[in-house]
Amino acid sequence: MAKYSVLQHPVETLLSWIKSGEIAIPEIQRPFVWKATKVRDLIDSLYKGYPVGYIITWQNPTVKLKDGSVSRNKKVLIDGQQRITALTAAIVGLRVLNDNYKEINIKIAFNPIDEEFDVLNKVHENDSKWINSINPIINDEITISRAIREYLKANEDNPAVTEELIEERLENLKRIKNKMVGIIELDHSLDINTVTEIFIRINQKGVVLSNADFVMSKIAADEEHGGNRMRKMIDYFCRLIVDKDFNKHIVDNDKIFSEHAYYNAIKWMAREQDNLYKPDYVDMLRVAFTYKFQRGKFSDLVALLSGRNFITRDFEEEIATKSFSDLEEGLLAFVSQTNYQRFIMIVQSAGFIDSKLIASRNSLNFAYALYLHLRFLRMPETEIQKYIKRWLVFSLLTARYSGSVESVLDDDIKQINEKGIAAYLSLMEQTHLSDGYWKYGLVDNLESSSTNNNSFNVYLSAQCYFNTTAFLSKSMTINSLITQRGDIHHLYPKQYLTKFGKAPKEYNQVANFVFTEQATNIKIGAKAPVDYMKLVFDQINAGKNDFSSIDDQSSLLENFRLNDIPLLLNDGEHHNYEEFLRRRKELIATKIKMYYESL
């Protein structure tokens, strides 16, 4: 028995299916990722009769109802949303979102003389050879005879423009709606892994099809359990995080949603200004699913939303209903103002004051899912805070979610659910944070020229946590410099090291970095450490504050200690640079250990 069918349908039929809902297209609330030129190329290919790839749909499974009957739902779009969006933008006139979440029109202009398409621009608008938009002609908003008359009048001085030529070219343009598009319809009996493999082979680019996209398509196709409204809540919430003005659009243009409980649950985000956590739809699904279902693999969520009974392998309505209900609870817990803001406060209180200090989004996602789980268990708030901080830092230091993310997430939440967070975290610490790790493993991890290094970012967070003052400053904190984009200074200046043949990978070592005030950084310039530190000592002895705000030697020693700087810096020259790095990495590792144990 064939597990799929391949059919050819005209563009017009495909667009009519979308309008009628026969194919469930997720509502377009996220940015349209195609460039406008790619829309132009798609229209040009249709005009010339070239193949434009396949649209892939996946039948929802046949679900057993309580009365013994069965129900088959809409087809779920697996691949082709960008092409469909491009068609509806160019042909139907649908407005799409750009990368800044602004609604724009993509107008495709047509030159019937040369049979060329292009994205409309000022040059084309002022050139009579170009028709500004193909949309009115293809959609019969103006008659072909009127379009011909208007074009002939605008180009009456061009002898190459004849009525027969323009009529032929515009008729060809209108026939774009009749051009065929291939649709591959996959049978509901195929599992996600098989569907993904088919997707990859058809695209022939090794593209990874996200299981989160399966989930989003799945819930967008569901009306019986309110999945389509959940999908809208997810998209609207993610957009409100980055575009506060979008709230007015919801109220003015989506009356049904603005009167729904989902809107009341998310509208507070229109007033929230924190930028530490900017989750997208994958993050929201990840947290809600991990928290509520105690699982980490999105393929399980798709199966559960389909009503999959993992024991009998049948599809049952009761399971689908409960799964949609659980997903709703998880999503509402995610968007809860109380939950969200308390979680952010915990993260910030651990010293993670800026999003650039957290390189792993999934570490943050799991920490939020764990927070919701521990709150559900009614654990005391002080204990919740301790475990969330420690797990977040642990996962960042060990790069726990950098590999097979879903498998690790799945195992972690199940182990925590079984053993409890205290026992499981203790086990993880014994396994991954031994004395050998603190003395050697962490020091090795600090051998990096990337400021996006997890260990270095945790170190900076520790400095914020301890409210450390900046290098050679008496009062300015690292916390303030990070939020105000202060300078990261090379303790051994790069211009100085370059003179002795040091490459960027050598002088940009994170152990050579420190936060300092811009004025201090400018005064240091390209001086050797031994030279600029002599100026610091000279100003202290003279009772001046020309070079830094530190005015006594005890404060200077304390500043060195707080910033984990070896005293070797006072005699710093190019020949002892490697020794300086070794010592400083050891001091930084010691600080991180002290920080972790204090959480």
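The values are calculated or read from the model by the stated rules, or taken from the named source; none is laboratory data. Because the structure is predicted, anything quoted here is derived from the model rather than measured. Cβ atoms come from the backbone with ideal geometry, glycine included; neighbour counts cover every protein chain shown. SASA here: full protein model, heavy atoms, side chains in, ligands and nucleic acids out. Shrake-Rupley method; radii C 1.70, N 1.55, O 1.52, S 1.80 Å.
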Label-point gap, in nm, between Glu223 and Glu447 - each point 7 angstrom along Cα→Cβ = 6.2 nm
For the chain, longest principal axis from Cα atoms; helix 211-220 axis from its Cα atoms; angle between them, nearest 10 degrees, is 50 degrees
By how many degrees, between 0 and 90 and to the nearest 10, does the Cα long axis of helix 144-154 differ from the longest principal axis of the chain?
-> 70 degrees
Work out the FRET efficiency for Ala503 and Ser45 from their Cβ-Cβ distance, taking R0 = 41 Å, and round it to the nearest 0.05.
-> 0.30
Mind listing the phi-derived Karplus ³J(HN,Hα) values for the range 374-382, rounded to whole Hz, using 6.51, -1.76 and 1.60 with θ = phi - 60°, and x for any glycine or proline?
-> 5, 5, 4, 7, 6, 5, x, 4, 5
So, in nm, how far is label Gln348 from label Val242 when the simple model puts each one 7 Å beyond its Cα toward the Cβ?
-> 2.2 nm
Per residue, the convex hull volume that the Cα atoms of the range 401-488 enclose (Å³) = 153 Å³
Residues Asn178 and His575, FRET efficiency given R0 of 60 Å [Cβ-Cβ distance, rounded to 0.05] | 0.20
Using per-residue counts of other Cβ atoms within 10 Å, averaged over each peptide, order 418-424, 303-309, 378-384 from highest down.
-> 303-309, 418-424, 378-384
Excluding ligands, DNA and RNA, what is the solvent-accessible area per residue of the chain at a probe of 1.4 Å, expressed in Å²?
-> 46 Å²
Just the accessible area for Val76, please: 1.4 Å probe, Å², rounded to the nearest 10?
-> 10 Å²
Once amide H atoms are built 1.01 Å from N in the peptide plane, which residues 5 or more positions from Thr468, or in another chain, come under 5 Å H to H?
-> Ile478, Asn479
Show me 248-259, 511-522 ranked by packing, highest mean number of other Cβ atoms within 10 Å first.
-> 511-522, 248-259
Accessible area (Å², 1.4 Å probe, nearest 10) - Ser448 | 20 Å²
Can you tell me the FRET efficiency between Val251 and Gln484 if r is taken as the Cβ-Cβ distance and R0 is 41 Å, rounded to the nearest 0.05?
-> 0.70
Leaving out ligands, DNA and RNA, what percent of the accessible area of the chain is carbon and sulfur, probe 1.4 Å?
-> 48 percent
Rg and Dmax of the range 474-542 over Cα atoms: what are they, in angstrom?
-> 13.0, 38
The answer for Glu316, listing residues at least 5 apart or on another chain whose modeled amide H is closer than 5 Å to its amide H, is Lys64, Arg308, Asn309
So which lysines can Lys419 reach, going by Cα to Cα under 21 Å and dropping same-chain residues fewer than 8 places off?
-> Lys292, Lys297, Lys386, Lys389
Any idea what the alpha-carbon Rg over 2.2 N^0.38 Å comes to for the chain?
-> 1.21
Leaving ligands, DNA and RNA out of it, rank Lys38, Lys502 by accessible area with a 1.4 Å probe, largest first.
-> Lys38, Lys502
May I ask you to evaluate 6.51 cos²θ - 1.76 cosθ + 1.60, the Karplus curve with θ = phi - 60°, for each residue of the range 40-57 and list the ³J(HN,Hα) values in order in whole Hz, giving x for glycine and proline?
-> 4, 5, 5, 5, 4, 5, 5, 4, 8, x, 7, x, 10, x, 10, 8, 10, 10
May I ask which of Lys174/Lys232; Lys244/Lys356; Lys248/Lys278; Lys439/Lys505 have a Cα-Cα span longer than 28 Å here?
-> Lys174/Lys232
So what's the range 338-422 giving for Rg/Rh, alpha carbon basis, Kirkwood Rh from the mean inverse pair distance?
-> 0.94
Roughly how tilted is helix 337-349, in degrees to the nearest 10 and between 0 and 90, from the longest Cα axis of the chain?
-> 30 degrees
Label Tyr4 and Phe537 with points 7 Å out from Cα along Cα→Cβ: what is the distance between them in nm?
-> 7.4 nm
Listed by chain and number, the residues whose amide H is under 5 Å from that of Ile78, excluding neighbours fewer than 5 places away on the same chain and using placed H, are Ile56, Thr57, Trp58
